[in-house]
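Quick note: the coordinates plus some simple rules give every number you see, no bench work behind them. Model, not experiment: these values are computed from the prediction. In this analysis, Cβ positions are derived from the backbone assuming ideal geometry, glycine residues included, and neighbour counts consider all displayed protein chains.
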Amino acid sequence: MFWPVFSVTLAILIVISITTGKLVFKKITGTDLIYIIVSALFLYGLSYVGIELIIWATPSLFDNMEQFYDIVQPVKPWHFISLILIVIPGEEIYWRGYVQQQFKKYKSGDTIVLATLLYAVAHLYSGAPLLIVAALVGGIVWGWIYEKRKNFWVPLLSHILFDLLILVFIPLL
């Protein structure tokens, strides 16, 4: 039930965000490619180290994450399509492209932190503390990249690459 509900919810958020917000898409430069690859690999490496530390220090947290991973890991072909075309773009479009940008209208300063905190809170439903921490770290990185590069392709492609690494190509669980 996770994949249909999550896909539809994010599709709705995409429509709301695109019709009421503004995204900046530019041609991807060589520097953008470096940001995409380095940030995805950095987040993957950080995830690896974090999981190893948890296995060593608090194995019970890891048990919970394995159960969650079983639910969210894409297995059917349409899961992969949804992940790349709806879920990840939906998260980026909504949280970085819409929420983070809306905060700029009302507040200067730590709009990345505010949007990321809300992004992490939205992950509370998972019951997986590691996912909440991953949302905090990923949200900060992708939010910062969007502000730094001013090109929505950069955090979007970084997020896609990271999720493909951690869920498909080199799963950590």
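Between L46 and Y125, the distance separating the two model label sites (each 7 Å from Cα on the Cα→Cβ line) works out to 2.4 nm. Each peptide in 135-143, 79-87, 22-30 gets a packing score, the mean of other Cβ atoms within 10 Å over its residues, and the list from highest to lowest is 135-143, 79-87, 22-30. log₁₀ I(q)/I(0) of the range 3-80 at q = 0.20 Å⁻¹, via Debye over equal Cα point scatterers, no solvent, to two decimals? At q = 0.20 Å⁻¹ the computed log10 ratios are -1.08.
Here is the list for the range 107-167: trypsin sites (Lys or Arg not before Pro) lying in DSSP coil, each with at most 16 other C-beta atoms within 10 angstrom of its C-beta, are K107, K150. Does a label point 7 Å from the Cα of L61, set along Cα-to-beta-carbon, have any residues of the range 144-169 with amide nitrogen under 20 Å, and which are they? Output list for this probe position: 166-167. Extension gain for Q73 to V8 (0.36 nm times residue separation, less C-alpha to C-alpha distance): 21.7 nm.
Cα centroid separation, the range 118-133 to the range 1-67: 12 Å. In plain terms, if you count all Cα to Cα distances in the range 101-173 and split them into 5 Å steps from zero, the share in each step is 3, 16, 20, 25, 19, 11, 4, 2, 0 percent.
Ordering V38, V154 from the fewest to the most neighbouring beta carbons within 10 Å gives V38, V154.
The relative contact order of the chain comes to 37 percent, based on Cα pairs under 8 Å that sit 6 or more residues apart.
Within the chain, all pairs of alpha-carbon atoms sorted by distance into 5 Å bins from zero give the percentages 1, 8, 16, 22, 22, 16, 9, 4, 1, 0. Amide hydrogen proximity for Q73: with H placed 1.01 Å from N in the peptide plane, no residue at 5 or more positions away or on another chain lies under 5 Å.
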